Each structure stands twice: as C-alpha cells, then as structure tokens.
Amino acid sequence: MTLNELEQAVAEPRTHADRSDWTWEQIRAEFPVLRQSIDGHPLSYLDNAASSQMPQEVIDRLTWYQSAEHSNVHRGVHTLSQKATDAYEKAREKVARFINAPDSAQCIFTRGATEGVNLVMHGWGRKFVEEGDEIIVTALEHHANIVPWQMLCEEKGATLKVIPMTDAGELVVDELPTLLSDKTKMVCVSHVSNALGTVNPVEDIIEQAHAHGVPVLVDGCQAVPHMKVDVQALDADFYVFSGHKMCGPTGIGILYGKRELLEAMNPFMGGGDMIRTVTFEKTEYAPIPHKFEAGTPSILAVVGLGAAIDYLESIGMDRIARREAELLEYATQRIEELDFIRILGTAPNKASVISFEVLGVHPHDVGTILDTEGVAIRAGHHCAQPVMDRLGVPATARASLAFYNNKDDVDALIGALQTVKDIFG
Amino acid sequence: MNLRNLYQEVILDHNKNPRNFGELEEANRHAQGHNPLCGDSYEIAALVVDDEGRIEDIRFSGKGCAISKAAASMMTQHVKGKTVDDAETLIEEFRQMLTGKLDPEGNDRLRHLKVFAGVAQRPERVKCAVLPWHTLHAALEGQEEISTEGEHDPFGEE
C-alpha cells in the first residue's frame, strides 16, 4: 500500500450538524441495534432509563478515534498524542456548553454518575463533614445517591435525613424547612427519579438549601438525556450524570461542580496526571479538572460522549423533550386503558418513565413474558429499594422511552401486556 | 423459546393454588431464603423424623414470582415422605437440570419437575426456580438463612 492508500483505508466519518428537520423515523433508522428481532418479534427497546442505545454516528466516531487518533493524553510530544488530547479536551468543552457550565475546567470526567457522587463524598464530605452534622437525601433517590452518604455518615458519626414523598411519588418539599438546620452540610437530590420518572423541584430545593448556606448535589442521570439542563440557571453546586444514558458509551460520566467547591476539595485518587510536582516529601496537585482525573482516563468513552452530545444537539434538546412527552402521553393513555395494570408514580410532572404493576403478577414474570414478544423493559427495584418500600411493592415493571421509540413500540408493549393477562388469567 | 414452555399450565396452576402453603408448627427444620434482587422470599419448614432420616411433613410460606412459587409448591410435593438423602439427591439433580448440566430425559426421579427444564434457557430466571430448593437444602443442613447474593450465594461455587 502507498501512504495515500493507507490513509484512505480509514475514512473520517460524515457527521450531520443539523437534524432539526429530520423525521423521527429517519432518526430511529440511525440506531443499528434497533434493527433486530427477538424471538421473531421486532425489538421494542423500552429500557432507556437503564441504558440508552447508540446511533451510528457515535459508533463511527468511536471507530474513527480508535483507528486514527488514539494515544495517551496530556503527555506525548508526538502528533497522535496531540490528536488524542485535542479530542479529549474538545469533548470537555462540548459537555460544558451542553449543560452551560461557566468553564470546562469545572467538568470532571468520571466513570459514571456513581463515581461522581463518590468523588464528592470522598473529596468534599470526608474533608468537611464532622460528627453531629447532617446530610439530607430524598425518598426518591437511586442507591447511588444514598449509599455513599450513608458510608460518610457512618464514618463521621453524622446523620442522614430524608425528604419524604407522597403516594403519587412527589417529594414533600414543604418538609425541607424542618429538616434544614445549621448542622446540615449537604442536600442530595435527583433531578428526575429513575424509578418513577418524577421531575423533582430542584430549583426550589436548591433555593431553600442556599438560604441556609448549604450546597446541593443533583443527580442528573435521568434529566440530562431528556431535557435542556442549565447548571447555572439551577444554581446547582454539584451536578452528576452518565454518558451511557444519553446515547454515549458506558464507563464515562460527568461531575460538574462550582469552582470554589472543587478547588477546596481533596483529590479523590492519587496518581499520574493529577499532579503539578511530586517529591517524596510533598506533592503539589494539578489545578481542576486534572486534580480529579488521576491515571489514564477512558479517552475513547470521553470522545464518544462528545459525539453523543453533538448528536443530541443536532436534533435539539427541546425537540427531544417534546417528542418524549408525546410518547409518554400516548403510552400512559394506552396503559390506563388496561384495567389489570396499576401505574406507580403519577406526578403531573414526569419524564418518559412508566413504572407499573400487573395486578397479581410478579414484575419478573411480566418482564420475561414481554421479552418473548420483543419488548425490553426493566423489572426489579431499579436500585431504589426505599422507593419500593415506600410504595409497598417488592419491585415494579418499568418502561422507559427515548426519542427514538415510536408508537409501534408502545403498541407492542400493550399487546404483550395483554399476553401476560391471557397467560395468568 | 416458546413462552408456554416456561409458563406451562402446571406452573401457573401451582402459582395460583400453591400446595403445602402455610406454617408448620411442629417443624424442626427451618430456613429463610431470600433473593434481594427481586424480593422473592420464602420460608421452608420441615418436620424430619430423625430416627428414620425422613421428611414427615413440609410447608412453605412467603412470596415471589410465579416461577419461584411454583417451584416451592412442587418441591414440597416431591420431597414429602422422602428420606433426607433422597431429598438432597433431588435438590442436586434439580439444580443440575436448571444449569443445563443434566438432561431430564431418562431421569425418573424428577418426574413433574421436568416442567422447569425450560427455565434453563433463561439464565436470569434460574435463581427464581432454584431459590426454594436451596432454602430446603439450608434447612436440612441446619442453616437458617440463605441469600442468592453474598456469602451464602448457592451459586457461588459455579
């Protein structure tokens, strides 16, 4: 091969900057994973709250990075290292723009939202929380926004307090003033509940907490893929989310934090890339974001996350939110027609998540039967056991929609639920 | 896989009308089996006549999915009156059938339990069917509690 032929063997993929006028069927067609059948039924993928799927453009971007740009970041003097560093840091700028962070240095790459919460627990919590202090979480949290705080409370002799929720799955924010005190060190709340889909009034919670001088960590995993999130408008102190729920790869997440908080925090892990100078006597840490990114990061996943953000923006987050609201309305209405189903979580303001139970049938049996008709849902406690306990169920079945779903997917769900009814009588 | 293979009439029937369901006051073997991932939880209570090493009576209580409940119900029917040794053999064979290591064809001990063979093709549901059996095993061994996760994970040896 000549040099020229070699270069052509891997071609830089084409990208579309604007899909605002594409039809939803055109957009759906870009997701290769959806073009398959399960047991002879077309796949209806309704487990997006667990993990979303990846469009061809993101897959191509990953291939291109690995084919043409990969090296380690922030250290080499050679061309490839520069390409990799550019791709990596460009992705950080995309993240910052996407959530309206004032500076990309305030966007830390983590393994996922869970690592983001743990990073704050270790870096901030272990430094500033003392015996007798209090941390407030909510009754709607995912285990990822409960367990790290419990671990901290146990270590420090601090107390975990909980904002309760109603039967409909809405937080009782009126209780917050009685929970907040001068002992409160942090409030931790999910933007959107993964188990029920409730959109929580985080602006109100943040305002109340700030009135007491208390910072707020927001788990945005289920919000960022589905609506326009502006961390400055929210005035969130920390905001975490995961790439694989927003058409990106697994193994990558974001911790956004206010600069003064991030700078005051201890590093999470020690190692390469997070230092300015090292001697055996003393190490000086690098400035943010690198202070929190020890070791070789998941460069490929970071680049993929950047491509996923480009993809979502090419459609438009407002358009995505409208589409999902339409699908949610259609699905809710169709499910409500079935008298053997009870929807759990009926807040007026919901993201495209429907948790439900088929009366008299365990959610795992529902999930198995739906799967044999090509309908993929989640059955279980959704890593939110306190939510299940509060509602008095061991588990629920959960259908979660993304913009690339369509009415056929919902109709397949309804048909399969009818089969559940037929089998169990 | 044909859905009816998994949710056969007999399984659905046992789910709806579980046999030997309830407490057994005179029991001298007890164990609680729990699957924390799905909330399935069963108590197995057996009366073993120690002189003969025989399961005189057995009942189960608790809740869970159709597969686990039917498995518990049919298990009680199959081990009632058997010796502890025979029950242990059946526990092992049932487990092997569910993990695809035993072909139920030609096995005359498993009898009606063969309806569970289809579960082997759905690995995510194997724990459901096996939970009551492992709970029985624990009860017979004098262990009081088992979980499908953690240190007493009966699948840990796999």
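The values are calculated or read from the model by the stated rules, or taken from the named source; none is laboratory data. Source: prediction; values computed, not measured. Note that each Cβ is placed from the backbone with ideal geometry, even for glycine, and that neighbours are counted across all protein chains shown. Quick note on the areas: whole protein, heavy atoms, side chains included, nothing else; ligands and nucleic acids left out. Shrake-Rupley method; radii C 1.70, N 1.55, O 1.52, S 1.80 Å.
Look at residue A:58 and say whether it is more than 18 Å from residue A:250 (Cβ to Cβ) and β-branched (Val, Ile, Thr).
Criteria not met by residue A:58.
Which is under 21 Å from residue A:225 (Cβ atoms) and either in contact (Cβ under 8 Å) with a residue 60 or more places away in the chain or away from chain B (no Cβ under 14 Å) (or both), of A:293, A:336, A:326?
Sole residue among the options that is under 21 Å from residue A:225 (Cβ atoms) and either in contact (Cβ under 8 Å) with a residue 60 or more places away in the chain or away from chain B (no Cβ under 14 Å) (or both): A:326.
Quick one: in segment A:354-390, of everything that is within 23 Å of residue A:226 (Cβ to Cβ), open to solvent by 10 Å² or more (accessible area, probe 1.4 Å) and among the hydrophobic types (A, V, I, L, M, F, W, C), which residue is nearest to the other protein chains (Cβ to nearest Cβ)?
The extreme case among them is A:379.
Out of the residues in segment A:131-163 that are aliphatic (A, V, I, L, M) and open to solvent by 10 Å² or more (accessible area, probe 1.4 Å), which is farthest from residue A:345 (Cα to Cα)?
Here the residue is A:158.
Mind listing whichever residues of segment A:182-204 are part of a loop (DSSP other than H, G, I, E, B) and in contact with a Lys or Arg (Cβ under 9 Å, 6 or more places away or on another chain)?
Answer for segment A:182-204, where residues must be part of a loop (DSSP other than H, G, I, E, B) and in contact with a Lys or Arg (Cβ under 9 Å, 6 or more places away or on another chain): A:193, A:194, A:195, A:196, A:197.
Conditions tested, residue by residue: (1) assigned by the TED database to the domain that holds residue A:414; (2) open to solvent by 40 Å² or more (accessible area, probe 1.4 Å); (3) part of a loop (DSSP other than H, G, I, E, B); (4) not aliphatic (A, V, I, L, M).
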{"residue": "A:59", "(1), (2), (3), (4)": "no, yes, no, no"}
{"residue": "A:63", "(1), (2), (3), (4)": "no, yes, no, yes"}
{"residue": "A:68", "(1), (2), (3), (4)": "no, no, no, no"}
{"residue": "A:72", "(1), (2), (3), (4)": "no, yes, yes, yes"}
{"residue": "A:85", "(1), (2), (3), (4)": "no, no, no, yes"}
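Considering only strands (runs of 3 or more DSSP E) fully contained in segment A:246-318, which possess at least 2 residues that are out of contact with any Lys or Arg (no Cβ under 8 Å at 6 or more places or on another chain)?
Filter on segment A:246-318 gives A:253-257, A:275-278.
In this structure, does residue A:351 turn out to be in contact (Cβ under 8 Å) with a residue 40 or more places away in the chain, within 14 Å of another protein chain (Cβ to nearest Cβ) and of a type in the set (Gly, Ala, Ser)? Give the steps one after another, and end with the answer.
Working: in contact (Cβ under 8 Å) with a residue 40 or more places away in the chain: yes; within 14 Å of another protein chain (Cβ to nearest Cβ): no; of a type in the set (Gly, Ala, Ser): yes.
No.
If you go through segment A:401-425, how many residues are within 14 Å of chain B (Cβ to nearest Cβ) and assigned to a helix (DSSP H, G or I)?
10
If residue A:207 satisfies all but one of (1) open to solvent by 20 Å² or more (accessible area, probe 1.4 Å); (2) assigned to a loop (DSSP other than H, G, I, E, B); (3) of a type outside the set (Val, Ile, Thr), what's the number of the condition it fails?
It is condition (2) that residue A:207 fails.
Search segment A:401-421 for residues that are touching a residue at least 12 places away in the same chain (Cβ under 8 Å) and pair each with any residue that is part of a helix (DSSP H, G or I) and small (Gly, Ala, Ser) when their beta-carbon atoms are under 9 Å apart and the residues are at least 6 apart or on different chains.
Going by the 9 Å Cβ cut-off, the qualifying pairs are A:401/A:331; A:403/A:321; A:405/A:331; A:407/A:331; A:409/A:331; A:410/A:331; A:413/A:331; A:414/A:331.
Confirm whether residue A:171 is open to solvent by 30 Å² or more (accessible area, probe 1.4 Å) and at pLDDT 95 or above.
Working: open to solvent by 30 Å² or more (accessible area, probe 1.4 Å): no; at pLDDT 95 or above: yes.
When the stated conditions are applied, residue A:171 does not pass them.
Please work out which one of (1) farther than 14 Å from residue B:140 by Cβ; (2) surrounded by fewer than 16 Cβ atoms within 10 Å (Cβ to Cβ) is the condition residue B:89 fails and give its number.
Failing condition for residue B:89: (1).
For residue B:41, indicate whether it is within 14 Å of chain A (Cβ to nearest Cβ), among the hydroxyl-bearing types (Ser, Thr, Tyr), open to solvent by less than 60 Å² (accessible area, probe 1.4 Å) and closer than 20 Å to residue A:362 by Cα.
It is true that residue B:41 is within 14 Å of chain A (Cβ to nearest Cβ), among the hydroxyl-bearing types (Ser, Thr, Tyr), open to solvent by less than 60 Å² (accessible area, probe 1.4 Å) and closer than 20 Å to residue A:362 by Cα.
Would you confirm whether or not segment A:320-327 contains a residue that is surrounded by fewer than 18 Cβ atoms within 10 Å (Cβ to Cβ) and farther than 28 Å from residue A:113 by Cβ?
no
With respect to residue A:406, determine if the residue is within 23 Å of the chain's Cα centre (by Cα), closer than 19 Å to residue A:45 by Cα, at pLDDT 95 or above and surrounded by fewer than 20 Cβ atoms within 10 Å (Cβ to Cβ).
Considered against the rule, which asks whether it is within 23 Å of the chain's Cα centre (by Cα), closer than 19 Å to residue A:45 by Cα, at pLDDT 95 or above and surrounded by fewer than 20 Cβ atoms within 10 Å (Cβ to Cβ), residue A:406 comes out as yes.
All but one of (1) of a type outside the set (Asp, Glu); (2) in contact with a helix residue (DSSP H, G or I) (Cβ under 7 Å, 6 or more places away or on another chain); (3) open to solvent by 10 Å² or more (accessible area, probe 1.4 Å) hold for residue A:213; which doesn't?
Among (1) of a type outside the set (Asp, Glu); (2) in contact with a helix residue (DSSP H, G or I) (Cβ under 7 Å, 6 or more places away or on another chain); (3) open to solvent by 10 Å² or more (accessible area, probe 1.4 Å), the lone unmet condition for residue A:213 is (2).
Across segment A:391-400, which residue is most open to solvent (accessible area, probe 1.4 Å) among those that are within 14 Å of chain B (Cβ to nearest Cβ), in contact with a strand residue (DSSP E or B) (Cβ under 7 Å, 6 or more places away or on another chain) and not hydroxyl-bearing (Ser, Thr, Tyr)? Break it down stepwise before answering.
Initially, segment A:391-400 is screened for residues within 14 Å of chain B (Cβ to nearest Cβ), giving A:391-398.
Of the ones still in play, those that are also in contact with a strand residue (DSSP E or B) (Cβ under 7 Å, 6 or more places away or on another chain) are A:391, A:393, A:395-398.
Adding the requirement that they be not hydroxyl-bearing (Ser, Thr, Tyr) leaves A:391, A:393, A:395, A:397-398.
Details: A:391: 32, A:393: 13, A:395: 3, A:397: 2, A:398: 3 Å².
Once the filter is applied, the top-ranked residue is A:391.
Tell me yes or no: at least one residue of segment B:61-69 is assigned to a strand (DSSP E or B), more than 14 Å from chain A (Cβ to nearest Cβ) and of a type outside the set (S, T, N, Q).
No, every residue in segment B:61-69 fails to be assigned to a strand (DSSP E or B), more than 14 Å from chain A (Cβ to nearest Cβ) and of a type outside the set (S, T, N, Q).
Between a first residue in segment A:69-83 that is more than 22 Å from residue A:275 (Cβ to Cβ) and a second residue that is open to solvent by 60 Å² or more (accessible area, probe 1.4 Å) and not in a loop (DSSP other than H, G, I, E, B), which pairs have beta carbons less than 6 Å apart while being 6 or more apart in sequence or on different chains?
If the second residue must be open to solvent by 60 Å² or more (accessible area, probe 1.4 Å) and not in a loop (DSSP other than H, G, I, E, B), the pairs left are A:69/A:83.
Assess whether residue B:98 counts as being crowded, with 16+ Cβ neighbours inside 10 Å and either under 16 Å from the mean Cα position of the chain (by Cα) or at pLDDT 95 or above (or both).
yes
Which ones in segment B:110-125 are more than 12 Å from every other protein chain (Cβ to nearest Cβ) and open to solvent by 10 Å² or more (accessible area, probe 1.4 Å)?
Correct list: B:111, B:112, B:114, B:115, B:117, B:120.
For segment B:19-48, give me the residue count where each residue is over 13 Å from the mean Cα position of the chain (by Cα), assigned to a strand (DSSP E or B) and without any contact (Cβ under 8 Å) to a residue 40 or more places away in the chain.
Matching residues across segment B:19-48 total 1.
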